[in-house]
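S.K.: For reference, the structure I am asking about is given below.
The values are calculated or read from the model by the stated rules, or taken from the named source; none is laboratory data. Remember, predicted model here, so these are calculated numbers, not experimental data. All Cβ positions, even for glycine, are placed from backbone atoms using ideal geometry, and neighbour counts span all protein chains on display. Surface accessibility is based on the protein's heavy atoms, side chains included, excluding ligands, DNA and RNA. Shrake-Rupley method; radii C 1.70, N 1.55, O 1.52, S 1.80 Å.
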Amino acid sequence: MVEKSIYMNKSDARKENLVTAAQKCFSKFGFQKSTMNDIAREARKGKSSLYYYFKSKEEIFEAVVKTEAEIFKTEVKKTLNQESDLKTRVRLYFTIRMKRFKELVNLYAAMRSNYLKNQDFIEKIRETYDREELEFIQSMLEEGVEKNEFKVKSITDTSYALASALKGLEFPLVFNPTEQKLNERIDALLNILFYGIVKK
């Protein structure tokens with residue numbers, strides 16, 4: 001269910017409801033199997049209402065993914081702004097990212113589905129998401145270096161490495177997780193970041 005829509009104007013309430021209905025359909029059936037009829041039925045509207053706001057299934061899926069991405073970014077900012085300790089903030093980001101990816105099904109599908117990667121609009125969404133995540137990780141590392149809490153030879157390279165590590169952990173953690181296993185894997189990754197693996 002969409003928790004917070006990107007559509008804030010009251011005049012867009014119908015469009016918001018359609019996006020919410022579409023999110024439910026795409027989450028249940030997937031992008032490929034969902035139809036405009038399914039979405040209209042879920043929204044309890046005629047199909048003409050969908051086409052008034054959206055030209056195609058691709059366009060409404062794009063709206064759903066952008067809404068879920070906004071939900072994710074809002075939650076991350078709200079949670080991390082309440083924590084001043086940098087190590088804790090990095091850990092929180094990694095944990096929220098993995099947990100929410102499982103729940104925000106359409107965002108995850110847009111980022112990782114091989115079928116969807118052939119859609120031009122998906123490529124743009126992926127590029128935006130990957131760039132923003134990289135910039136976010138980089139900003140945390142930069143702050144850590146400035147405060148002399150992190151010792152990083154190359155912030156850029158380390159940011160890429162961490163972003164890549166997160167992607168590598170996605171499948172086993174998102175689809176076969178337990179709360180304990182999720183935390184253990186994240187702790188292992190962050191212990192390498194914070195303390196290294198070489199005995200001093």
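S.K.: Give the residues of region 37-59 that are among the aliphatic types (A, V, I, L, M) and in contact (Cβ under 8 Å) with a residue 24 or more places away in the chain, sorted by residue number. I'd like the intermediate steps shown before the answer.
M.R.: So in region 37-59, the residues among the aliphatic types (A, V, I, L, M) come out as 39-40, 43, 50.
Across region 37-59, the qualifying residues are 43, 50.
S.K.: While we're on this one: Tell me which residues, restricted to region 13-32, are open to solvent by 20 Å² or more (accessible area, probe 1.4 Å), free of Cβ contacts under 8 Å to residues at least 24 places away in the same chain and either in contact with a helix residue (DSSP H, G or I) (Cβ under 7 Å, 6 or more places away or on another chain) or within 13 Å of residue 106 (Cβ to Cβ) (or both). Quick ask: steps written out before the conclusion?
M.R.: To start, the set of residues in region 13-32 that are open to solvent by 20 Å² or more (accessible area, probe 1.4 Å) comprises 13-17, 20, 24, 27-30, 32.
Retained after the next criterion (residues that are free of Cβ contacts under 8 Å to residues at least 24 places away in the same chain): 13, 16, 20, 24, 28-29.
Of everything in region 13-32, those that are open to solvent by 20 Å² or more (accessible area, probe 1.4 Å), free of Cβ contacts under 8 Å to residues at least 24 places away in the same chain and either in contact with a helix residue (DSSP H, G or I) (Cβ under 7 Å, 6 or more places away or on another chain) or within 13 Å of residue 106 (Cβ to Cβ) (or both) turn out to be 20, 24, 28, 29.
S.K.: Looking at residue 44, is it basic (Lys, Arg) and closer than 17 Å to residue 160 by Cα?
M.R.: It is false that residue 44 is basic (Lys, Arg) and closer than 17 Å to residue 160 by Cα.
S.K.: Within region 18-129, considering only helices (runs of 4 or more DSSP H) that don't extend past its boundaries, which have at least 3 residues that are of a type in the set (Phe, Trp, Tyr) and under 22 Å from residue 140 (Cβ atoms)?
M.R.: Values: elements: 36-43, 47-53, 57-80, 86-103, 105-112.
It comes to 86-103.
S.K.: Give me the residue from region 60-82 that is without any contact (Cβ under 8 Å) to a residue 24 or more places away in the chain and loosely packed, with under 14 Cβ neighbours inside 10 Å and, out of that set, farthest from the chain's Cα centre (by Cα).
M.R.: Among those that are without any contact (Cβ under 8 Å) to a residue 24 or more places away in the chain and loosely packed, with under 14 Cβ neighbours inside 10 Å, it is 82.
S.K.: Would you tally the residues in region 86-113 being open to solvent by less than 40 Å² (accessible area, probe 1.4 Å) and either among the β-branched types (Val, Ile, Thr) or without any contact (Cβ under 8 Å) to a residue 40 or more places away in the chain (or both)?
M.R.: Of the residues in region 86-113, 6 are open to solvent by less than 40 Å² (accessible area, probe 1.4 Å) and either among the β-branched types (Val, Ile, Thr) or without any contact (Cβ under 8 Å) to a residue 40 or more places away in the chain (or both).
S.K.: Go through (1) within 30 Å of residue 189 (Cα to Cα); (2) under 17 Å from the mean Cα position of the chain (by Cα); (3) among the β-branched types (Val, Ile, Thr) and name the single condition residue 88 misses.
M.R.: (2)
S.K.: Now for a separate question. Looking at region 116-146 only, could you name the residues that are among the aromatic types (Phe, Trp, Tyr) and more than 22 Å from residue 21 (Cα to Cα)? Even if it seems obvious, please write down each step before you answer.
M.R.: First, the residues of region 116-146 that are among the aromatic types (Phe, Trp, Tyr): 121, 129, 136.
Selection gives 129, 136.
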